[in-house]
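**Student:** Handing you this structure, nothing more for now.
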Amino acid sequence: MTLDFVEPVVFGVLAAGVIVAGAAVVLINRITAAALLMAFTFLCMAGMFVLLGAETIAAFQVLIYVGAITVLILYGVMFTPQADRPYALFFQKQTPLAGVVVAAAAIPVLLLSFSFVGAVPKPGGDDLPALATSVFVDFAFPFEVASVLLLAAMVGAIVLVKRDEDSEARR
Amino acid sequence: MSVPLGAFIAVSATLFFIGTAGVLVRRNAVVILMCVELMLNAANLALVAFSRRYGAVDERGSVFVVFVFVIAAAEVAVGLAIVLSAYRNRPTVDVDEIRAMKG
């Protein structure tokens with residue numbers, strides 16, 4: 001008995017998770033629930049990376065997206081307390097126009113995406129050595145630029161949210 | 001029987017357009033940041049899938065995904081800082097009501 005049917009079934013479950021949870025992020029009114037659904041979308045996406053044989057990327061996905069970015073977003077939700085808005089004020093005024101534009105862009109792209117019929121090669125596993133060689137040999141300079149970018153982002157975020165001591169004291 | 005490449009690309013495109021719709025229609029600045037993260041993640045899936053199928057050099061697509069992770073982390077940190085400082089000036093995260101810089 002072969003287990004060939006397992007991969008499409010797992011893919012279907014993960015794809016349903018990604019799309020349903022992603023749509024719920026846009027449609028749900030409670031912002032904390034939206035943040036947690038976003039984390040669920042990222043987890044399903046990590047499963048997709050495993051199906052594609054990119055285990056290292058899946059691990060980074062869980063660490064960075066599900067761990068760090070979700071926690072940052074939840075901090076943002078916590079620091080900007082707000083009542084749940086009435087559903088009428090939920091979407092912006094340009095919603096119908098935005099829907100038309102997005103549909104006009106999405107339908108050709110989705111039709112085009114189904115033209116890729118070739119099967120993805122079976123994952124070989126153990127993608128870390130090749131990834132590390134690429135990052136630290138071929139892409140060493142962009143790697144350094146990325147670390148400078150992260151430093152700049154960290155300093156910028158601290159400066160932006162720092163309270164102005166002088167104006168606080170004057171008040 | 002393995003999953004065709006088009007299925008991965010279709011999921012990626014669907015999630016990307018869900019994120020686009022969210023950025024365009026939601027009023028809450030924090031939710032807009034979440035939708036931008038969804039779009040970045042959809043692009044990651046397309047990068048990994050195409051590099052699996054067509055990549056001549058191993059793991060080149062994964063390298064780009066690592067850099068997208070870095071950009072996403074920097075973007076969400078600075079974006080949330082901007083949202084928080086805007087919230088401190090006027091207690092709202094509704095992007096329709098933040099119009100101090102509107103020309």
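**Student:** For the stretch B:44-103, run through the trypsin sites (Lys or Arg not before Pro) and keep only the ones in DSSP coil with at most 10 other Cβ atoms within 10 Å of their Cβ.
**Tutor:** B:Arg99, B:Lys102
**Student:** What list do you get for B:Ile9, B:Ile18 if you sort them by fewest beta carbons within 10 Å? Walk me through the intermediate numbers first.
**Tutor:** Details: B:Ile9 22, B:Ile18 26.
In order of increasing Cβ crowding within 10 Å: B:Ile9, B:Ile18.
**Student:** If you don't mind, there's one more thing I want to ask. Given 0.36 nm per residue, what is the gain on full extension from A:Asp138 to A:Val13 after removing their alpha carbon distance, in nm? Please report the intermediate quantities before stating the final value.
**Tutor:** Numbers: separation 125, 0.36 × 125 = 45.00 nm, distance 3.65 nm.
Result for the pair: 41.4 nm of gain on full extension.
**Student:** Taking loop as defined by DSSP and a crowding limit of 15 other beta carbons within 10 Å, which chymotrypsin sites (Phe, Trp or Tyr not before Pro) in the stretch A:34-75 fit?
**Tutor:** none
**Student:** Pick out, from B:Val78, B:Gly55, B:Phe17, the residue whose Cα sits farthest towards the positive end of the charge dipole of the stretch B:5-89, with +1 on the Cβ of Lys and Arg and -1 on the Cβ of Asp and Glu.
**Tutor:** Of the options given, the answer is B:Phe17.
**Student:** Mind ordering B:24-31, B:91-98 by average Cβ neighbours within 10 Å, highest first?
**Tutor:** Numbers: B:24-31: 22.0, B:91-98: 15.1.
In descending order of packing, they fall as B:24-31, B:91-98.
**Student:** Test of understanding: in a Gaussian network model of chain A with alpha carbons linked when under 10 Å, which of A:Val159, A:Val26, A:Val62 would top the mean-square fluctuation ranking?
**Tutor:** Comparing A:Val159, A:Val26, A:Val62 in a Gaussian network model of chain A, the most mobile one is A:Val159.
**Student:** A follow-up question, please. Which whole number gives the average, over all residues in A:136-144, of C-beta atoms from other chains lying within 10 Å of the residue C-beta?
**Tutor:** Other-chain Cβ atoms within 10 Å of each residue's Cβ, averaged: 2.
**Student:** Please report how far the C-alpha centroid of the stretch A:35-71 lies from that of the stretch B:1-38, rounded to the nearest whole angstrom.
**Tutor:** The two parts, judged by their Cα centres, are 14 Å apart.
**Student:** Any idea what angle helix A:95-113 forms with the longest principal axis of chain A, computed on alpha-carbon atoms, 0 to 90 degrees, nearest 10?
**Tutor:** Tilt relative to chain A: about 20 degrees.
**Student:** Going by the alpha-carbon gyration tensor, a ≥ b ≥ c the square roots of its eigenvalues, is the stretch B:5-89 rounded (a/c under 1.5) or, if a/c is not under 1.5, prolate (a/b greater than b/c) versus oblate?
**Tutor:** Oblate is the answer for the stretch B:5-89, as a/c is 1.5 or above yet b/c matches or exceeds a/b.
**Student:** Further, regarding this structure: For chain A, take the longest principal axis of its alpha carbons; what is the angle in degrees between that and the long axis of helix A:31-51, to the nearest 10 within 0 to 90?
**Tutor:** Relative to chain A, helix A:31-51 is tipped by roughly 30 degrees.
**Student:** What's the angle, to the nearest 10 degrees (0 to 90), between helix B:5-25's Cα axis and the longest principal axis of chain B?
**Tutor:** 10 degrees
**Student:** Which whole number of Å³ per residue matches the convex hull of the alpha-carbon atoms in the protein assembly as shown? Show your work: numbers first, answer last.
**Tutor:** Numbers: hull volume 42.1 nm³, N = 274.
So the per-residue Cα hull volume is 154 Å³.
**Student:** Shape call for the stretch A:6-126 from the C-alpha gyration tensor, a ≥ b ≥ c root eigenvalues: rounded (a/c under 1.5), prolate (a/b greater than b/c) or oblate?
**Tutor:** Values: a/c = 2.80, a/b = 1.34, b/c = 2.09.
Here the stretch A:6-126 falls in the oblate category.
**Student:** So for chain A, averaging the separation of alpha carbon pairs under 8 Å that are six or more residues apart and normalising by length, what relative contact order in percent results?
**Tutor:** It comes to 19 percent, rounded to a whole number.
**Student:** Using the 10 angstrom Cβ neighbour count as an exposure proxy, how do A:Val148, A:Val66 rank, fewest first?
**Tutor:** Details: A:Val148 9, A:Val66 18.
Starting with the residue having the fewest Cβ neighbours, the order is A:Val148, A:Val66.
Here, each number is a calculation from the coordinates, and none is a lab measurement. Please read these numbers as outputs of a predicted model, since none were measured by experiment. Glycine gets a Cβ as well: all are built from the backbone with ideal geometry, and neighbour counts include every protein chain shown.
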